[in-house]
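Structure first, commentary second.
The values are calculated or read from the model by the stated rules, or taken from the named source; none is laboratory data. If you're wondering where the values come from, they're calculated on a predicted model, not measured in any experiment. Cβ: placed from backbone, ideal geometry, glycine included. Neighbour counts: every protein chain shown.
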Amino acid sequence: MDEGIELSLTIAQIIQRLRGSHLHSQIERQAKECLHQPDVKLESLKEDVRSFLKTSGWERKLQNAVYRELHIQLPPRHPPAPPEHLKEPLVYMRKAQASWEKRVLKSLNSMSTELGVPLAHMRPAAEQKELTNKWNEMGTDEPDLSRFRPVYAPKDFLEVLIGLRNPNHDSSEDISVRSHWGLIQVPLNVRDIPHLREAYSELNLTSGQMGIDDHALIHPVVMEEDSAAAQQYSRQGCPTGLRADLWALILNATNQPQDVMHYEQLKAGVIQHNLLVDNLIYKDVKLTASNDDYYFVFEDFLYQVLLCFSRDTAVLEHFKYNSATPPKSYIQGKVGDEECAVVYPPNGVIPFHGFSMYVAPLCFLYNEPSKLYNVFREMYIRYFFRLHSISSHASGILSLCLQFERLLQTHLPQLFYHLRQIGVQPLRLAFKWMVRAFSGYLSTDQLLLLWDRILGYDSLEVVAVLAAAVFAFRAENLMEVTSLASAEAVLADLSTLKVMPLIQVFLFATAM
Amino acid sequence: MSGTPDDTKPVNFTVKAPVYLQIGDAKADTAHSGVCVVDVNLPFGKPVNIEEVTFKNYYTAYVTVRLLRRNPEQEAPAKWCTAVRDLPLMDNPHTEGGSQDYYTIHRTQMQVEPDHVVCARLILRQPSLAWLTFSLEDIQIFPHTEPDPEKEVSDWLSDLTLTDQHPDLEGLPDPQTVSSSIQQMWALTEVMQTNQTTASIGRFDVSETHSQPHLSCNECVHDGGDVITFGR
């Protein structure tokens, strides 16, 4: 498409999305009120109002809102391209995602029938009252969750990814140049170290990083309130005291009154209705976060965020660019009638084993529930959803797995070969790290430094690079192991690792 | 600007079966050369001025478009010319990027004027051995229509910016009248302040509408609805 046309379409799309938003009305009100000011003259009305908006910081807020829209915007559509093409261009991946979703739904439905628990039901008044009183300490509740089991675990998802094949891919001839030792057999384009060095130049050994070279501080950009500048700054790490504000700025997750109101509405929804997925969330939190030394204190926060998240229909918007499709449930007896269809759960996301670990690290940064909720939701619809859906996107879990395997095969061939000889596929060890973006495996301060870079570079590639870097770091020990169990033991404890030196050395000091 | 594919219909044409070129003896040697030729025969006797060509890719790495043009004025025989040479459709012929994407080749991207075209030939190349087959699907050619002389670029741009969606205003007063009456009242207060009399002017209450949260309030007219009370 012509570039000029593309730009105009992009602008028109953004205008439509921002028009009528709260920011729009706030700016209009500011513009009207500034007419009182003596330096606003009738002859130069337009310029004077514009410069007022600039100096008072409203133009910057508008810039941040536009920048946020650019992050989640769909590329302009070619006339014949159907909407599914925007979710995922490759047909065979769409099919694989659809059949995976069917499996998950079947599992959920059979759980509902077996246990006799409806997908959703209204709470009786007494229960509602009790829940309202106990809202801040839901962790003390000990419901009987023994019958519930997670709908799926990451290793089930890994089997699906391993089984993916392109029907047009010629894998008959085993040409040694192309031979791939790993499990992922899909020919996606992933970046190797020379390209990564260019893209991640701010991580060079010669530039200071927060957490290692704290004396090499750069001017904080929080004062300027500029999303794009904050994102650039975050590439070298955020100072601990400023991280919460910087992340909120990068994600443009403001905590305006209407955001608080939205959160209160969701909370009211939680109190009114009980969903089957709530039990899955309870079970997941009890199994993962509550058992973790760093995160068990935040158990109540996790319930408050995740239960509301399940009911937030604003999340449905991200399915335009997510290869997944939200599951629909039909009113009794009217299967197939679109008018009687409703998305279940309301936000379209079925939690899996470990899902609560996406929220847990954020609890260290935000203690106000609605702010915590907003930041988590924005991070989910920008990054985390890619970690559990089948897609050809460069930040999708499939590309991350392939990149990890390729980096390992190219730069640590002896290690890879040795592991395969003893029957260990490296991806089986690293997958659980990558699916959770290392949450729960690294110590929290290191994890937050890693997530700084995810935000700074707007990509999950660093997760794959770190996974390969961990293998490089423990290579000596891994070369000595002779079984899967001992390999797992070598890699069991990552809590002492320092993330940034590992990544820097792997990217910039590996011999080419 | 000329018509977009939304307005115009694609030209009806017949596409011959793609011919995969082979090296050596066609029967004995089945090695693919990675080159395929697709001939597009436009309707006989009706040369077309091409606006754009759209298609869906299926693992083709590069495409070259050649056109057979016959100039109607001159009696010279039709001549082949290259409109687009080796346009890359996939960033890397070995990997998936761009392999199933939709593409458009506009007449402005072509090296020659695609007018009076009788026949088009698409030469597809896929040098990588990774794929079993490659082709283009849904090839469509849109004819060039003469632009409407009254429409200028600025009109087209204004067509693009979407029109205001008027919010649903059942039961609420028209915002234009409300805002103009507010302005009148505000002007009155300015006058009152400068005159400073002690006479009361009575009470005007414009009730605010946004203290209670609405559940479906995307389109309610809340903006600017402040409480304004006058009088003593």
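Condition first: charged (D, E, K, R) and part of a helix (DSSP H, G or I). Now tell me which residues in the range A:341-376 satisfy that.
Answer for the range A:341-376, where residues must be charged (D, E, K, R) and part of a helix (DSSP H, G or I): just A:371.
What about residue A:120, is it touching a helix residue (DSSP H, G or I) at 6+ places or on another chain (Cβ under 9 Å) and either farther than 30 Å from residue B:98 by Cα or among the hydrophobic types (A, V, I, L, M, F, W, C) (or both)?
Criteria met by residue A:120.
Considering every residue within the range B:60-70, establish whether at least one is touching a residue at least 12 places away in the same chain (Cβ under 8 Å) and within 14 Å of another protein chain (Cβ to nearest Cβ).
Yes, some residue in the range B:60-70 is touching a residue at least 12 places away in the same chain (Cβ under 8 Å) and within 14 Å of another protein chain (Cβ to nearest Cβ).
Taking the range A:60-94 only, how many residues are free of Cβ contacts under 8 Å to residues at least 40 places away in the same chain, outside any helix (DSSP H, G or I) and under 16 Å from residue A:325 (Cβ atoms)?
1
Can you name the residue in the range B:78-123 that is within 23 Å of the chain's Cα centre (by Cα), of a type outside the set (A, V, I, L, M) and part of a strand (DSSP E or B) and, of all such residues, is farthest from the other protein chains (Cβ to nearest Cβ)?
In this case the residue turns out to be B:88.
Which is in a strand (DSSP E or B), among the β-branched types (Val, Ile, Thr), touching a strand residue (DSSP E or B) at 6+ places or on another chain (Cβ under 8 Å) and more than 24 Å from residue A:170 (Cβ to Cβ), of B:63, B:53?
Checking each option against the conditions leaves just B:53.
Consider residue A:422 carefully, then state whether it is among the hydrophobic types (A, V, I, L, M, F, W, C) and surrounded by fewer than 24 Cβ atoms within 10 Å (Cβ to Cβ).
yes
Could you please find all residues in the range A:441-484 being of a type in the set (Val, Ile, Thr), in a helix (DSSP H, G or I) and within 30 Å of residue A:423 (Cβ to Cβ)?
Once the filter is applied, which keeps residues that are of a type in the set (Val, Ile, Thr), in a helix (DSSP H, G or I) and within 30 Å of residue A:423 (Cβ to Cβ), the range A:441-484 yields A:462, A:463, A:465, A:470.
When you scan the range B:142-156, do you find a residue that is modelled with pLDDT of 75 or more, within 28 Å of residue A:83 (Cβ to Cβ) and within 14 Å of chain A (Cβ to nearest Cβ), even just one?
Checking the range B:142-156: at least one residue is modelled with pLDDT of 75 or more, within 28 Å of residue A:83 (Cβ to Cβ) and within 14 Å of chain A (Cβ to nearest Cβ).
Which members of the range A:33-59 meet the condition of being surrounded by 16 or more Cβ atoms within 10 Å (Cβ to Cβ) and in a helix (DSSP H, G or I)?
A:34, A:48, A:49, A:52, A:53, A:58
If you check residue A:408 against the conditions, is it crowded, with 22+ Cβ neighbours inside 10 Å and touching a residue at least 60 places away in the same chain (Cβ under 8 Å)?
Yes.
Considering the range A:336-379 alone, what residues qualify as being hydroxyl-bearing (Ser, Thr, Tyr) and over 19 Å from residue A:282 (Cβ atoms)?
A:366, A:370
Over 19 Å from residue A:257 (Cα atoms), of a type outside the set (A, V, I, L, M) and more than 11 Å from chain B (Cβ to nearest Cβ), is that true of residue A:37?
yes
Being within 23 Å of the chain's Cα centre (by Cα) and aliphatic (A, V, I, L, M) is the filter; apply it to the range A:142-173 and report the residue that is farthest from the other protein chains (Cβ to nearest Cβ).
So the residue we want is A:151.
Residue by residue through the range B:92-114, note down the ones that are farther than 19 Å from residue A:89 by Cα and in contact with a Pro (Cβ under 8 Å, 6 or more places away or on another chain).
If the condition is that a residue be farther than 19 Å from residue A:89 by Cα and in contact with a Pro (Cβ under 8 Å, 6 or more places away or on another chain), then B:107 is the only one that fits.
Condition check ((1) more than 22 Å from the chain's Cα centre (by Cα); (2) small (Gly, Ala, Ser)) across all residues:
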site: A:373; (1), (2): no, no
site: A:384; (1), (2): no, no
site: A:392; (1), (2): no, yes
site: A:401; (1), (2): no, no
site: A:408; (1), (2): yes, no
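Report whether or not residue A:8 is surrounded by fewer than 16 Cβ atoms within 10 Å (Cβ to Cβ), among the hydroxyl-bearing types (Ser, Thr, Tyr) and assigned to a helix (DSSP H, G or I).
No, not satisfied.
Taking the condition surrounded by 14 or more Cβ atoms within 10 Å (Cβ to Cβ) and facing another protein chain (nearest Cβ under 10 Å), does residue A:72 pass?
No; evaluated as a whole, the condition is false for this residue.
Read through the list (1) more than 26 Å from residue A:414 (Cα to Cα); (2) buried (at least 16 other Cβ atoms within 10 Å of the Cβ); (3) at pLDDT 80 or above, then give the number of the only condition that residue A:149 fails.
(2)
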